[in-house]
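Take a look at the structure below.
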């Protein structure tokens, strides 16, 4: 599948490592820093999603939010994201996502309002509502109690490898490689004045860093099964 990430914000949260480990099936292991594991949340607008090779005219555009955990498989020597839940505002995409992926798709109303100064995000979902406000003019600061020495260190450690990873039949990895031009990928840390995610409320999660990512072309490749 091919498409363009037209708008994108990534939120990294830390949580007690033992709690995060319980959400990850073996043989996957969550990435950790000291006593902390991490959640990676994305809210984005995807333009013209379509099978690779199909003209852009026939693509589907939609808003998407997803809750992931950065993980690794030591046996397969691969790092990526393990999906816990995805929300999107397109019924066909949610249906096909449930049918074809392990990304936990749900239908939800998602609204993104932007001005030069701020971004307001709202997810209207029966079981996982969320709101967030990003202040574009405010300088971001290192989170209180952070295990990192600087925002740059946090951003470098928490920047994910472009793979989606799930477990097939409890024995094999299903690895979806995401193609993107790394030299064209640009992101900057931004300040978050408000964020509330129902999905995270029982997970002792604290915001670590947020990025705003510039538009970029993406390609989601066919999953590859790996024995571990």
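The values are calculated or read from the model by the stated rules, or taken from the named source; none is laboratory data. Please read these numbers as outputs of a predicted model, since none were measured by experiment. For neighbour counting, all protein chains shown are included, and Cβ atoms are generated from backbone atoms with ideal geometry for every residue, glycine included.
In segment 23-43, of all residues being free of Cβ contacts under 8 Å to residues at least 40 places away in the same chain and touching a strand residue (DSSP E or B) at 6+ places or on another chain (Cβ under 6 Å), the one that is surrounded by the fewest Cβ atoms within 10 Å (Cβ to Cβ) corresponds to 42. Against the definition (part of a strand (DSSP E or B) and within 18 Å of residue 80 (Cα to Cα)), how does residue 225 come out, yes or no? Yes, satisfied.
Exactly one residue out of 94, 15, 108, 66 is more than 27 Å from residue 187 (Cα to Cα), touching a strand residue (DSSP E or B) at 6+ places or on another chain (Cβ under 9 Å) and surrounded by 15 or more Cβ atoms within 10 Å (Cβ to Cβ): that is 94. The test for being in contact with a strand residue (DSSP E or B) (Cβ under 7 Å, 6 or more places away or on another chain) and under 19 Å from residue 212 (Cβ atoms) does not hold for residue 128. Identification of strands (runs of 3 or more DSSP E) wholly contained in segment 53-135 with 3 or more residues that are touching a helix residue (DSSP H, G or I) at 6+ places or on another chain (Cβ under 8 Å) yields 60-73, 78-88, 105-107. Kindly indicate whether residue 178 is surrounded by fewer than 18 Cβ atoms within 10 Å (Cβ to Cβ), out of contact with any helix residue (DSSP H, G or I) (no Cβ under 6 Å at 6 or more places or on another chain) and in a strand (DSSP E or B). Against the criterion (surrounded by fewer than 18 Cβ atoms within 10 Å (Cβ to Cβ), out of contact with any helix residue (DSSP H, G or I) (no Cβ under 6 Å at 6 or more places or on another chain) and in a strand (DSSP E or B)), residue 178 qualifies. For the structure I just gave you, tell me whether residue 141 is surrounded by fewer than 16 Cβ atoms within 10 Å (Cβ to Cβ), over 16 Å from residue 65 (Cα atoms) and touching a residue at least 24 places away in the same chain (Cβ under 8 Å). Yes: the conditions hold for residue 141.
Pairs are defined by a Cβ separation below 8 Å, a sequence spacing of at least 6 or placement on different chains, a first member in segment 48-60 that is modelled with pLDDT of 90 or more, and a second member that is in a strand (DSSP E or B) and surrounded by fewer than 10 Cβ atoms within 10 Å (Cβ to Cβ); no pair meets this definition. Taken together, the residues in segment 125-138 that are surrounded by 14 or more Cβ atoms within 10 Å (Cβ to Cβ) and either over 15 Å from residue 194 (Cα atoms) or without any contact (Cβ under 8 Å) to a residue 40 or more places away in the chain (or both) amount to 2.
Conditions (1) surrounded by fewer than 19 Cβ atoms within 10 Å (Cβ to Cβ); (2) more than 24 Å from residue 72 (Cα to Cα), marked per residue:
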{"site": "160", "(1), (2)": "no, no"}
{"site": "166", "(1), (2)": "no, no"}
{"site": "173", "(1), (2)": "no, no"}
{"site": "187", "(1), (2)": "yes, no"}
{"site": "196", "(1), (2)": "yes, yes"}
{"site": "200", "(1), (2)": "no, no"}
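The condition (being within 28 Å of residue 36 (Cα to Cα) and touching a residue at least 60 places away in the same chain (Cβ under 8 Å)) is satisfied by just one residue among 201, 208, 182: 208. Note on segment 136-169: residues that are in a strand (DSSP E or B) and under 15 Å from the mean Cα position of the chain (by Cα) total 4.
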